[in-house]
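Heads up, the thing below is written out as structure tokens.
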Amino acid sequence: MDQNARSEPDPRSPAKRLKDVEVSVPIVYGTISFWLGKKATETQSHKWTVYVRGATNADLGAVVKRVVFQLHPSFNNPVRAVESPPFELSECGWGEFEIAITLYFHADACDKPLTLFHHLKLYSEDEPGTQSIKKPVVVESYDEIVFPDPSENFFARVKNHPAILSYVSAPLGLHSGRIEEVNEAKEEETKDHPLSQWFKNFSEGDELSKLAAARQQVQGHIVKLRNQLSSMNGQLESVVIECD
Amino acid sequence: MDAKDILGIPKTTPSLPHEKKSRPPKDSQRKPDGISREVYALTGGLAPLMPSIDVNQLKKKTQAENEKITWQWLPFTSSARKDNLQLYHWVRVVNGVPPTGDYSFAKYNKSIDVIKYTDEEYEKFLEDPAWTREETDQLFDLSARFDLRFVVIADKLPYSRTVEELKNRYYSVSRAILIARAASPADVSGHPLVKEPYNLAQETERKRALSMILSQSKHQERRDAEVYAEAKKIMEARMAAKAAQDSELIPISTGGAGDAERDNVNVDDESPSNPQFLSAPPISIAETASASASLRKLRVYLRTYGFEQMVQAASSSAGLRTIKRVEQILQDLGVNMKPKVPTKTVCEEHLELRKEILTLLNLQKQFQYKEAEGSSYREGSYPETPGTPKSFQRILDQDRTFIPDSTCFGGEHIVKRDQKRKAPGRPTDASSSPANKRPRKLKNTDE
């Protein structure tokens with residue numbers, strides 16, 4: 001780790017870090033599992049794939065160097081490294097368990113790994129008992145890898161990459177502005193992944209609209225309460241004066 | 001264990017000269033036989049209040065085979081008596097041999113050697129303007145007669161002196177004579193009378209404090225408790241105001257709440273009727289700042305992790321109950337406790353929402369405080385004032401409208417979920433509450 005850092009321009013040197021810039025990589029990680037139907041045996045009832053992908057299916061290779069999946073110890077070689085994109089792994093099995101997914105980054109980005117946890121799902125909870133060969137069980141989570149104060153080199157290299165969002169942090173509490181708007185090329189970048197038809201779309205719109213509605217309601221109550229408080233103050237004072 | 005222990009007073013006063021030094025701790029820590037380890041642990045090493053003797057231990061004490069024990073009514077002599085009075089008692093006789101030796105309780109007949117001073121010594125060392133020779137003589141006579149039971153001595157003396165005064169005179173005289181008679185000061189330096197002189201002022205104060213605590217009436221105790229409770233309430237109100245002020249400093253982004261209202265509240269806060277709501281240094285801002293600073297020190301982190309840290313920091317100044325309420329309100333509003341798509345904007349919006357809810361809760365608290373204040377004014381002096389109670393009630397009712405409102409939201413939330421399951425991705429609007437207009441619009445542009 002240290003040797004890596006020394007051979008390349010030291011990413012930890014504070015002079016080369018971009019203050020108040022944030023590189024953010026939206027990712028989706030999860031599993032897709034197919035029931036094997038008639039071919040299912042007692043120990044191999046499902047074929048599943050665990051993966052880490054860009055949220056818009058963009059290639060993560062510019063940031064992620066290697067992904068290590070840690071499977072249940074009952075598998076042969078339960079610790080498996082995937083050295084190049086797509087970062088995914090397929091296996092057959094019969095049981096659900098938690099998969100630890102460790103991401104290693106390119107040296108200019110970060111020398112520390114990041115670990116995610118995903119629970120492999122083979123049996124749908126929404127429709128229990130109805131397994132079909134054609135419709136897989138898909139469980140995905142959205143998250144963002146955040147590199148605060150990235151090194152200049154890294155930022156220059158990835159800032160126009162479709163998988164990456166960059167932000168300038170504003171002073172505390174205020175909203176930060178996005179440097180690069182969502183890259184238009186993104187949709188085109190989508191690779192023809194054999195499983196891509198099952199990938200979920202994660203859009204912040206729904207979440208944002210819910211939040212906006214909630215904030216509006218809360219703010220309304222705040223205003224109402226403040227008015228009441230101030231009018232009550234007036235009344236209180238008059239009561240006090242009367243008392244005096 | 002003494003009166004101070006019983007009354008829960010810390011032992012700061014120096015112990016009386018005749019008091020024994022406390023035993024070395026290891027004595028008290030050794031577990032006595034016959035008590036189970038668990039029970040002993042419960043006592044914390046203190047001597048039990050009830051005698052704890054293992055019954056089995058008593059039964060075990062079987063007499064030896066060849067012992068023949070009888071109890072006989074026999075005369076005895078005691079070295080503690082000087083009058084040769086013949087007394088009888090029942091005594092245990094083993095194999096027909098009565099016990100010999102002194103009466104077993106004679107050793108408890110302690111007598112105290114009260115110092116006797118000569119005329120010469122008195123003139124030389126013991127002159128005291130506060131005491132006459134006659135008084136001092138009387139004191140020492142009675143001290144010898146009543147074995148230093150100063151309460152009794154004070155009672156018997158023809159002149160009125162406090163117990164402390166008597167003790168002070170007695171100990172200072174004894175001390176002076178002791179030092180005067182010693183060959184060198186070093187010979188008596190270890191003597192308790194010399195080492196720890198009687199402190200009249202301290203003892204008087206100690207007694208006064210004790211009697212004060214003992215003579216406190218129930219009524220006084222209750223009043224004290226009320227004062228403490230009131231002080232606690234004021235402190236809490238100040239904390240709440242502080243927190244409210246903090247969240248006030250964070251601008252509400254959409255500007256939905258007009259500046260006029262905010263100014264209004266600020267003016268109110270500075271009004272003389274409620275000085276406890278005056279400004280205080282912002283806490284939660286500092287907390288969030290330090291949280292985001294420590295996040296930035298990380299080389300890499302997940303957005304969800306950062307989000308959790310910020311949520312924790314923002315609610316660090318709030319109590320557990322407040323945090324629970326915030327989460328309840330979030331749920332009622334149909335907002336995911338943890339964003340499903342935690343983008344930067346979503347997380348920031350979510351944090352803002354939490355701050356606003358905290359502000360709202362603080363306002364509610366202030367409101368209730370004011371309401372209580374108002375009602376106390378009313379009850380205190382104007383119980384029959386018409387009009388005011390009504391308007392207060394109205395305000396209170398309005399305050400509570402938040403809950404019904406939000407349950408409506410919660411209901412809608414459930415409906416939404418159900419529909420989603422059947423037809424994912426379709427925009428759904430089950431209710432037409434005005435607060436829902438915005439989301440609908442946004443949704444249409446989104447999907």
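Need the failing condition index for B:Ile234 against (1) more than 22 Å from B:Leu361 (Cα to Cα); (2) touching a residue at least 12 places away in the same chain (Cβ under 8 Å), just the number.
Unmet for B:Ile234, out of (1) more than 22 Å from B:Leu361 (Cα to Cα); (2) touching a residue at least 12 places away in the same chain (Cβ under 8 Å): (1).
Kindly list the number of the only condition in (1) within 17 Å of A:His221 (Cα to Cα); (2) among the hydrophobic types (A, V, I, L, M, F, W, C); (3) at pLDDT 85 or above that fails for B:Ile323.
Checking B:Ile323 against (1) within 17 Å of A:His221 (Cα to Cα); (2) among the hydrophobic types (A, V, I, L, M, F, W, C); (3) at pLDDT 85 or above, the one that fails is (1).
Yes or no, residue by residue, for (1) touching a Leu at 6+ places or on another chain (Cβ under 7 Å); (2) at the interface with chain A (Cβ under 9 Å from one of its Cβ atoms); (3) open to solvent by 40 Å² or more (accessible area, probe 1.4 Å); (4) not in a helix (DSSP H, G or I):
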| residue | (1), (2), (3), (4) |
| --- | --- |
| B:Glu308 | no, no, yes, no |
| B:Ala313 | no, no, no, no |
| B:Ser316 | no, no, yes, yes |
| B:Thr322 | yes, no, no, no |
| B:Gln331 | no, no, yes, no |
| B:Lys338 | no, no, yes, yes |
| B:Val346 | yes, yes, no, no |
| B:Glu349 | yes, yes, no, no |
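For every residue, the table says whether it meets (1) crowded, with 18+ Cβ neighbours inside 10 Å; (2) at pLDDT 85 or above.
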| residue | (1), (2) |
| --- | --- |
| A:Lys134 | no, no |
| A:Pro162 | yes, no |
| A:Ala170 | no, no |
| A:Ser176 | no, no |
| A:Lys186 | no, no |
| A:Ser209 | yes, yes |
| A:Gln217 | yes, yes |
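Report the residue count in the stretch B:108-135 for those that are aromatic (Phe, Trp, Tyr) and more than 12 Å from B:Ala176 (Cα to Cα).
Looking only at that region, the number is 2.
Quick one: which helices (runs of 4 or more DSSP H) lie wholly within the stretch B:142-236 and hold at least 1 residues that are within 36 Å of the chain's Cα centre (by Cα) and at pLDDT 90 or above?
Answer list for the stretch B:142-236: B:150-156, B:163-181, B:200-215.
Out of the residues in the stretch A:109-122 meeting the condition of being modelled with pLDDT of 85 or more and assigned to a loop (DSSP other than H, G, I, E, B), tell me which one is surrounded by the fewest Cβ atoms within 10 Å (Cβ to Cβ).
This residue is A:Lys112.
Just one of the numbered conditions (1) closer than 30 Å to B:Thr162 by Cα; (2) open to solvent by less than 50 Å² (accessible area, probe 1.4 Å) is not true of B:Lys124; which one?
Checking B:Lys124 against (1) closer than 30 Å to B:Thr162 by Cα; (2) open to solvent by less than 50 Å² (accessible area, probe 1.4 Å), the one that fails is (2).
Of the conditions (1) open to solvent by 50 Å² or more (accessible area, probe 1.4 Å); (2) in contact (Cβ under 8 Å) with a residue 12 or more places away in the chain; (3) not aromatic (Phe, Trp, Tyr), A:Lys39 satisfies every one except a single condition; which number is it?
A:Lys39 satisfies all of (1) open to solvent by 50 Å² or more (accessible area, probe 1.4 Å); (2) in contact (Cβ under 8 Å) with a residue 12 or more places away in the chain; (3) not aromatic (Phe, Trp, Tyr) except (2).
Out of everything in the stretch A:52-99 that is among the β-branched types (Val, Ile, Thr) and not in a loop (DSSP other than H, G, I, E, B), what residue ends up being most open to solvent (accessible area, probe 1.4 Å)?
Selected residue: A:Val79.
Among the candidates B:Tyr117, B:Tyr88, B:Tyr40, single out the residue that is aromatic (Phe, Trp, Tyr), outside any loop (DSSP other than H, G, I, E, B), modelled with pLDDT of 85 or more and surrounded by 10 or more Cβ atoms within 10 Å (Cβ to Cβ).
Just one listed residue meets the conditions, B:Tyr88.
The values are calculated or read from the model by the stated rules, or taken from the named source; none is laboratory data. Keep in mind that what you see is a predicted model, and the values were worked out from it rather than measured. When we count neighbours, we look across all protein chains shown, and the Cβ atoms used for this are built from the backbone with ideal geometry, even at glycine. Only protein heavy atoms, including side chains, enter the accessible area calculation; ligands, DNA and RNA are left aside. Shrake-Rupley method; radii C 1.70, N 1.55, O 1.52, S 1.80 Å.
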